[in-house]
Amino acid sequence: MLLRNVPRPLPEHGEVLIRVHATALNRADTLQRKGLYPAPPGESEVLGLEAAGTVASVGPGVRQCWRLGDRVMTLLSGGGYAEYVAVPEELIMSIPTHLTVYQAAAIPEAWLTAFQLLHFVAQVKEGEIVLVHAGASGVGTAAVQLVRLAGAIPIVTAGSSEKLQMAETLGAAAGFNYKHEDFAEKVSDFTAGRGANVILDCIGGSNWERNVACLATDGRWVLYGLMGGKTVTGDILGKLLSKRGQLLCSLLRSRSLQYKADLVRAFSERALPHFSDPTSSPCHLRPVIDSMFSLDQVADAHRHMEANRNTGKIVINVMNPQ
C-alpha cells in the first residue's frame, strides 16, 4: 500500500462530496490489497468501504437538503481511505447526535451487512435462534445487537474467552470457543437438539459439517465470507437436503445502487434511531471499536486485523475533524 495524491473527485448528478474524517477497516480491504477482491467496474480502486465525515459540496440534482458541514456516514464501493469521496445521496445517513465521527465510521459496512443478512436474506423471525460466527468481529458485534432488536436469540462462536465475553455483554445468550470445543454439540445442547434457525457464516469450507449438524430443520445457513476456505468435500448436499435446509449466499459490495438504497432506507428507519442517547431507547445499539490508527499506520491496521486480534471495528483516522 502507498499514499499518493489523486485529483479531488467532483460530485456528479445526484451525488454528495464528503470530506472524510474517518473510515474503518474490513476484511474486504485486506483481500483487495492482495488482488483477491477487486473493486466493481467503474468504482474507485482506493480502499475503503465506509466513511464518516462532513458534507463538502452537493452535486446537481440532489433531492435531500444536505448542507455544507452536515455530519454524515456512508456505505461505499471504494474510496473510504481518501480525504474526499463522492457518494450517491441514497447511500448517505446522518450521524446520530450522540455518536462521534469515529464511532460513526464503524457503522455503515458492518451494520448494513448484518442488517441485510438478517432481514433481507435470512428474514429472521421473533424467537428464532441465530448462530453468529466470529461473534466479536465488526459484523458479529453488530449482528448480535440486531438479532436482539428483532426479538430473536443470538448465540456466537469466537476464538477467545475475551471475545466471547464481549459478545455476551452485547446480548449473546451463549458463546462457544471454536478452538477448544465442538460448537455443533454446544448448539445442540443449548437448543435441546432443535438446532439454530439461522446461521451467519463468514468462515465457509472448514465449518460446513458442523454448520449442517447444528442447523435446525428448515433452517437458513447464510454464507457471506470464506475465511475458512472455499473447498468442500463430503455429503454436504445430502445432509442439507435431509434437513430441508437453505444455503443462502450474499455479498453486499456488488449489489445494485437500488438494492443498497433500499437497504440504507430500511436500516435508517428500523435500526438507526436506536443509536440515540442510551437513556432514550430500551434497545440501545452501539458500535464496538477495537482500536484506532492514523492513515500513515494503515499497514499496521491491516496486520492487526489479519492476526485476528481485533474485537469489534478497527477505525482509521483520515484527518482530524474541524
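For (1) without any contact (Cβ under 8 Å) to a residue 24 or more places away in the chain; (2) closer than 23 Å to C283 by Cβ, each residue gets a yes or a no:
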{"position": "T157", "(1), (2)": "no, no"}
{"position": "L164", "(1), (2)": "no, yes"}
{"position": "T169", "(1), (2)": "yes, yes"}
{"position": "G175", "(1), (2)": "no, yes"}
{"position": "K179", "(1), (2)": "yes, no"}
{"position": "F183", "(1), (2)": "no, no"}
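Any idea which residue in region 119-163 is most open to solvent (accessible area, probe 1.4 Å), counting only those that are of a type in the set (V, I, T), in a helix (DSSP H, G or I) and touching a Gly at 6+ places or on another chain (Cβ under 9 Å)? Across region 119-163, the extreme among qualifying residues is V139. If I filter region 307-317 down to residues being at pLDDT below 95 and of a type outside the set (K, R), which single residue comes out as farthest from A114 (Cα to Cα)? My answer is A307.
Condition check ((1) open to solvent by 60 Å² or more (accessible area, probe 1.4 Å); (2) touching a residue at least 24 places away in the same chain (Cβ under 8 Å); (3) farther than 20 Å from A134 by Cα; (4) part of a loop (DSSP other than H, G, I, E, B)) across all residues:
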position	(1), (2), (3), (4)
I203	no, yes, no, yes
R220	no, yes, no, no
G229	no, yes, no, yes
T233	yes, no, yes, yes
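When R220, R210 are screened for being basic (K, R) and closer than 23 Å to H119 by Cβ, only R220 passes. Of the candidates L240, L170, the single residue that is within 25 Å of the chain's Cα centre (by Cα) and within 25 Å of F120 (Cβ to Cβ) is L170.
One residue alone among G225, G193 is at pLDDT below 95 and either in a loop (DSSP other than H, G, I, E, B) or within 21 Å of L112 (Cβ to Cβ) (or both), and that residue is G225.
So, E269, is that one part of a helix (DSSP H, G or I), open to solvent by 30 Å² or more (accessible area, probe 1.4 Å) and farther than 14 Å from I129 by Cβ or not? Answer is yes for this residue.
The values are calculated or read from the model by the stated rules, or taken from the named source; none is laboratory data. What you see is a predicted model; the values in this text were computed from it and never measured. Quick reminder, even Gly has a Cβ in these numbers, built from the backbone with ideal geometry, and neighbours come from all protein chains shown. Note: accessible area is taken over every heavy atom of the protein model, side chains too, but ligands, DNA and RNA are not part of it. Shrake-Rupley method; radii C 1.70, N 1.55, O 1.52, S 1.80 Å.
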